[in-house]
1. What order do you get for 70-82, 220-232 when each peptide is scored by the mean count of other beta carbon atoms within 10 Å, highest first?
2. Which value, in debye to the nearest 20, describes the size of the charge dipole of region 57-118 about its Cα centre when Lys and Arg Cβ atoms bear +1, Asp and Glu Cβ atoms bear -1, and nothing else is charged?
3. Given the Cα-Cα distance of Ile236 and Asn94 and 0.36 nm per residue of separation, how much length would full extension add, in nm?
4. Of Lys27/Lys103; Lys27/Lys247; Lys131/Lys230; Lys125/Lys230; Lys27/Lys104; Lys61/Lys87, which ones are farther than 27 Å apart at the Cα?
5. Under a Cβ-only charge scheme (Lys and Arg +1, Asp and Glu -1), can you give me the dipole magnitude of region 49-154 about the Cα centre, in debye to the nearest 20?
6. As an exercise, use a Förster radius of 25 Å and the Cβ-Cβ distance of Val223 and Glu86 to find the FRET efficiency, rounded to the nearest 0.05.
7. Roughly how many nanometres apart are two label points built 7 Å out from the Cα toward the Cβ at Asp101 and Arg216?
Amino acid sequence: MAEASKPPRAMMSVVTSGKDQGAEEEKKRISTGISALDSLIEGGLPEGKSYLIAGEPGSGKTIFCMRFILRSLGDGEKVVYIPVDEKPTEIVGNAASLGWDLKKYVTGGQLLMLDVALSQGAANKEVDVAKVVTDLASYVTRAGASRLVIDPAEPLISSPDSSKTSRQQARLLMRSLQDTMPGMTSLLTLNASAHSGVGVDWEDYPVNGVILLGFRREQRRLVRTLLVNKMRGTAIDLVERQFSIVKDAGILIEATSPEAVAPRVPEAVAPRAPEAPSQPSETQKPQAEQIMFREWHG
């Protein structure tokens with residue numbers, strides 16, 4: 001008897017975990033919205049994890065997020081998007097200039113965009129990360145979303161204290177997202193003007209993957225580059241690839257052989273001395289910064 005035809009399967013990638021379990025574990029992969037990038041990371045991002053998109057201003061971080069959002073919406077997923085440094089109206093207008101209609105998804109209830117308001121005196125206050133994540137979780141739950149995008153993350157981890165505290169705030173934000181919203185696939189951007197892709201200890205950021213966007217000088221012009229710096233459970237080649245930003249497609253990665261472009265090798269970083277916990281007195285400790293989210297409906 002002929003075998004019955006089987007329905008097509010969702011895009012999956014088999015990840016071998018023989019070292020730990022001696023068995024094959026099948027994990028669902030979701031598209032980044034950039035097909036050439038998907039092919040470099042075994043079909044897409046492992047679902048239910050957090051990812052960091054780091055890059056210099058103008059390198060394409062927000063466009064990367066938009067492509068991810070549009071692909072998720074096209075796949076029938078619901079998304080919560082927080083454009084922290086720009087108003088939702090500006091984001092929708094910029095998307096329209098590239099040929100993308102985000103407004104229809106907002107109107108249709110698939111996309112929830114949150115406008116962010118910071119109270120005055122933010123530079124002298126530390127953000128209450130736990131409250132931020134709790135507030136975000138309530139919006140995610142009401143929206144029934146499976147994708148969360150925060151662009152950029154810096155204002156949500158700001159601190160008037162040393163960089164040590166900022167790192168602690170970053171770890172707290174990412175850990176809290178994973179603990180409060182398990183199974184959520186999150187994309188967070190980081191501005192490379194504050195955190196350069198060279199000499200950064202990415203262990204400071206407990207995420208499943210790190211993608212670096214930047215620039216490289218070629219003769220008299222700058223070209224945009226993309227490097228998958230980290231992707232757990234995925235074989236990556238650490239090759240820096242050139243890309244362009246074009247209408248409709250968004251990010252278009254140019255074909256190149258691994259020998260064509262040398263990877264950017266991070267500079268050696270001196271070991272950090274053990275950090276003693278900082279415990280300022282109540283009179284010295286700044287008040288927690290209040291960050292308010294408002295739903296944007298156009």
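1. Values: 70-82: 19.7, 220-232: 16.6.
Most protected by this proxy first, the peptides run 70-82, 220-232.
2. On the way: 7 positive and 7 negative charges, 28 e Å.
For this selection, approximately 140 debye.
3. Details: separation 142, 0.36 × 142 = 51.12 nm, distance 3.18 nm.
The Ile236-Asn94 span can extend by a further 47.9 nm.
4. Values: Lys27/Lys103 32 Å; Lys27/Lys247 32 Å; Lys131/Lys230 29 Å; Lys125/Lys230 32 Å; Lys27/Lys104 32 Å; Lys61/Lys87 16 Å.
Lys27/Lys103; Lys27/Lys247; Lys131/Lys230; Lys125/Lys230; Lys27/Lys104, as the Cα separations exceed 27 Å there.
5. Working: 12 positive and 13 negative charges, 79 e Å.
Charge dipole, region 49-154, about its Cα centre: 380 debye, nearest 20.
6. 0.50
7. Here the modelled spin labels are 3.9 nm apart.
No lab work stands behind these numbers, since they all come straight from the coordinates. Everything quoted here is computed from the prediction, not taken from an experiment. Because the Cβ atoms are built from the backbone with ideal geometry, glycine has one as well, and the counts that use them run over all protein chains shown.
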